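Data block below; observations after.
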Amino acid sequence: MIKIQYRYGLLLTCFGLYSVVLLAGAVESFRLERVIQAVQQRYGGDAAAAAQDWNDALTLFQKGTEQQKLKNINEYFNRKLRFEADSKTWGREDYWATPIEALMKGSGDCEDYAIAKYFSLKFSGVPVSKLRITYVKARIGGMDSNITQAHMVLTYYSAPDAEPLVLDNLVSEIRPALRRTDLAPIFSFNSEGIWAAGGSTPQPGDGSRLSRWNDLVEKMKGEGFE
């Protein structure tokens, strides 16, 4: 989980547009046989079993409407993963796990939930243009609290100008953003760009910089994704 005191400009440096665009061509198809073989060699049998379970779920979810896919995938990962800090799961302060890594561990923090849901919806046929991984300030301690913490959710836009739906690990019910008054968006991104809070057009990025997102893409390539 990122520290909220970082400025938005610094965050854009960390998540340069180069990395986001790279993902568009890096992970376009979910080829189970290749993935199972790769993760079994990389991580062992538990990872292969996790990949098989994930594939079985996505195969079932693909038959539904987009709204059904949102509900099923949100519930799947909220049920499969328990929340744990990266320091406990991975022994470091900020580690972005691939969906298979998270399923293999059975745990993750907020970005791991959002990332896993993003790729699952993508692989289930939901257009990436409708999905954004969104950094927010989450108010904790009730409506009158001034205490906030950094948090990540997945947002879904049925149309470019639509009110997004929020898929979260803290609140299991999928709610419109206007009903999540405890969340204040900072910025969002997907494989097509980066948006400032409330922005309707992508922000420019520096293509010379790498990021944790780029590292995530490279790990997924090593797991057999293309």
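Quick one: how many residues across the range 58-109 are among the small types (Gly, Ala, Ser) and surrounded by fewer than 18 Cβ atoms within 10 Å (Cβ to Cβ)?
Result for the range 58-109: 5.
Name the residue, out of Leu12, Leu23, that is surrounded by 20 or more Cβ atoms within 10 Å (Cβ to Cβ), over 16 Å from the mean Cα position of the chain (by Cα), at pLDDT below 85 and outside any loop (DSSP other than H, G, I, E, B).
Leu12
Residue by residue through the range 123-139, note down the ones that are more than 14 Å from Val166 (Cα to Cα), assigned to a helix (DSSP H, G or I) and either at pLDDT 95 or above or touching a strand residue (DSSP E or B) at 6+ places or on another chain (Cβ under 7 Å) (or both).
Correct list: Val128 only.
With farther than 23 Å from Phe83 by Cα, surrounded by 13 or more Cβ atoms within 10 Å (Cβ to Cβ), modelled with pLDDT of 80 or more and in contact with a Phe, Trp or Tyr (Cβ under 9 Å, 6 or more places away or on another chain) as the only criterion, which of Ala150, Ala196 stands out?
Result of the check over Ala150, Ala196: Ala196.
For the subset of the range 169-183 comprising residues that are in a loop (DSSP other than H, G, I, E, B) and touching a Leu at 6+ places or on another chain (Cβ under 8 Å), which member is nearest to Gln67 (Cα to Cα)?
Among those that are in a loop (DSSP other than H, G, I, E, B) and touching a Leu at 6+ places or on another chain (Cβ under 8 Å), it is Ile174.
Please enumerate the residues belonging to the range 87-122 that are charged (D, E, K, R) and over 19 Å from Val35 (Cβ atoms).
Start the filter on the range 87-122 by keeping residues that are charged (D, E, K, R), which leaves 88, 92-94, 101, 105, 109, 111-112, 117, 122.
Lys88, Arg92, Glu93, Asp94, Asp109, Glu111 - these are the residues of the range 87-122 that are charged (D, E, K, R) and over 19 Å from Val35 (Cβ atoms).
Please list, ordered by first then second residue, the pairs with beta carbon atoms under 7 Å, 6 or more apart or interchain, first in the range 140-155 and on the phi < 0 side of the Ramachandran plot and part of a loop (DSSP other than H, G, I, E, B), second surrounded by 10 or more Cβ atoms within 10 Å (Cβ to Cβ) and at pLDDT 85 or above.
Pairs that qualify, where the first residue is on the phi < 0 side of the Ramachandran plot and part of a loop (DSSP other than H, G, I, E, B) and the partner is surrounded by 10 or more Cβ atoms within 10 Å (Cβ to Cβ) and at pLDDT 85 or above, are Ser145/Arg139.
Quick check on Ser120: is it surrounded by fewer than 22 Cβ atoms within 10 Å (Cβ to Cβ) and not β-branched (Val, Ile, Thr)?
Values: surrounded by fewer than 22 Cβ atoms within 10 Å (Cβ to Cβ): no; not β-branched (Val, Ile, Thr): yes.
Considered against the rule, which asks whether it is surrounded by fewer than 22 Cβ atoms within 10 Å (Cβ to Cβ) and not β-branched (Val, Ile, Thr), Ser120 comes out as no.
When Ala197 is evaluated against the numbered criteria (1) touching a residue at least 12 places away in the same chain (Cβ under 8 Å); (2) out of contact with any strand residue (DSSP E or B) (no Cβ under 8 Å at 6 or more places or on another chain); (3) among the small types (Gly, Ala, Ser), which criterion, by number, is the only one it fails?
Condition (2) is where Ala197 drops out.
Kindly indicate whether Thr98 is farther than 21 Å from Lys219 by Cβ and among the β-branched types (Val, Ile, Thr).
no
So which pairs qualify, if the first residue must be in the range 68-94 and free of Cβ contacts under 8 Å to residues at least 40 places away in the same chain and closer than 25 Å to Ala49 by Cβ, the second must be part of a helix (DSSP H, G or I) and among the hydrophobic types (A, V, I, L, M, F, W, C), the Cβ gap must be under 8 Å, and the two must be at least 6 apart or on different chains?
Qualifying pairs under 8 Å: Asn72/Ala57; Asn72/Leu60; Asn72/Phe61; Lys80/Leu103.
Just a yes or no: is a residue in the range 111-129 free of Cβ contacts under 8 Å to residues at least 40 places away in the same chain and more than 14 Å from the chain's Cα centre (by Cα)?
Yes, because at least one residue in the range 111-129 is free of Cβ contacts under 8 Å to residues at least 40 places away in the same chain and more than 14 Å from the chain's Cα centre (by Cα).
The values are calculated or read from the model by the stated rules, or taken from the named source; none is laboratory data. Since we're looking at a predicted model, the values are computed, not measured. Positions of Cβ are generated from backbone atoms using ideal geometry, with glycine treated the same way; all protein chains shown enter the neighbour counts.
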